[in-house]
1. What residue, of Leu88, Leu82, is in a loop (DSSP other than H, G, I, E, B) and within 25 Å of Asn54 (Cβ to Cβ)?
2. Could you list, in sequence order, all residues of the range 82-108 that are touching a helix residue (DSSP H, G or I) at 6+ places or on another chain (Cβ under 9 Å) and crowded, with 20+ Cβ neighbours inside 10 Å?
3. Quick check on the range 121-131: of everything there that is part of a strand (DSSP E or B) and touching a residue at least 40 places away in the same chain (Cβ under 8 Å), which residue is farthest from Val158 (Cα to Cα)?
4. Evaluate the following for Lys126: is it modelled with pLDDT of 85 or more, loosely packed, with under 13 Cβ neighbours inside 10 Å, within 26 Å of Arg50 (Cβ to Cβ) and not hydroxyl-bearing (Ser, Thr, Tyr)?
5. Are there any pairs, at least 6 apart or on different chains, whose C-beta atoms fall under 8 Å, with the first in the range 8-31 and in contact (Cβ under 8 Å) with a residue 12 or more places away in the chain and the second among the acidic types (Asp, Glu) and part of a helix (DSSP H, G or I), and if so, which?
6. Out of the residues in the range 140-180 that are free of Cβ contacts under 8 Å to residues at least 40 places away in the same chain and not in a strand (DSSP E or B), state the one that is surrounded by the most Cβ atoms within 10 Å (Cβ to Cβ).
7. Quick check on my filter: what residues within the range 8-27 are at pLDDT below 85 and small (Gly, Ala, Ser)?
Amino acid sequence: MRKKGFEVGISFFVTLVISLAVFILSMSLAFNSFNKANQFQRDIDQNSRREIENLIINQGQKVAIYPSQAELYSGKSEIIGLGIFNNLDNEKIFSLAVNCTKYIQPDGSAGGVGNCSRIQILFTPKSVNIKANDNFIYGISVQNKAAARGQYIVNAVVTYPDGATAVQHGEIQKIYVISK
């Protein structure tokens with residue numbers, strides 16, 4: 001009778017050890033896949049940064065955006081990079097304003113600007129101090145908050161103060177958000 005109780009204890013112990021080994025192996029596999037996903041995200045961000053720096057430094061643009069188009073399903077978001085190059089003689093405070101300005105329905109007809117309220121745009125800071133011949137890259141989050149299907153045109157305008165007026169720096173950059 002004692003022998004059977006001892007065998008049950010050993011089989012329980014073996015099952016426990018095997019279960020722990022499987023648990024530890026599955027946790028290490030999960031952490032490895034999450035680390036690879038994070039590395040992929042960093043590579044995408046570095047690629048976007050390289051593209052923007054290429055546009056503003058090598059091609060001489062004052063303001064550049066990459067990518068300029070985002071296809072978003074409801075509830076999804078994407079990060080768009082916007083780079084500002086200060087080609088002026090001195091340090092300036094640059095301000096960024098980003099607004100949805102137009103909605104185009106799937107049939108190609110113009111929709112009301114009121115539909116733009118479902119495209120949420122987030123970025124910080126609103127203004128940044130950039131030294132002469134230096135650049136700054138914004139990360140602009142564009143989120144689809146159950147927007148109607150169609151194309152939304154978002155304008156990004158960079159300005160800097162010159163006395164009492166604001167001067168536009170570079171061209172207006174357009175982000176094309178396609179709601180699916």
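The values are calculated or read from the model by the stated rules, or taken from the named source; none is laboratory data. Every value quoted in this text rests on a predicted model; they were computed, and no experiment measured them. A quick note on method: Cβ atoms are made from the backbone with ideal geometry, for glycine too, and the neighbour counts reach across all protein chains shown.
1. The unique qualifying residue is Leu88.
2. Selection gives Leu82, Gly83, Ile84, Phe85, Cys100, Tyr103.
3. First, pick out the residues of the range 121-131 that are part of a strand (DSSP E or B): 121-122, 127-130.
With the extra rule that they be touching a residue at least 40 places away in the same chain (Cβ under 8 Å), the set shrinks to 128, 130.
Numbers: Val128: 11, Ile130: 12 Å.
Among residues in the range 121-131 that are part of a strand (DSSP E or B) and touching a residue at least 40 places away in the same chain (Cβ under 8 Å), the one farthest from Val158 (Cα to Cα) is Ile130.
4. Values: modelled with pLDDT of 85 or more: yes; loosely packed, with under 13 Cβ neighbours inside 10 Å: yes; within 26 Å of Arg50 (Cβ to Cβ): yes; not hydroxyl-bearing (Ser, Thr, Tyr): yes.
So Lys126 fits the description; yes.
5. Pairs that qualify, where the first residue is in contact (Cβ under 8 Å) with a residue 12 or more places away in the chain and the partner is among the acidic types (Asp, Glu) and part of a helix (DSSP H, G or I): there are none.
6. The initial filter retains those residues of the range 140-180 that are free of Cβ contacts under 8 Å to residues at least 40 places away in the same chain, namely 162-165, 167-168, 172.
With the extra rule that they be not in a strand (DSSP E or B), the set shrinks to 163-164, 172.
Details: Gly163: 6, Ala164: 5, Ile172: 12.
This residue is Ile172.
7. Let us first name the residues in the range 8-27 that are at pLDDT below 85, namely 8-13.
Matches in the range 8-27: Gly9, Ser11.
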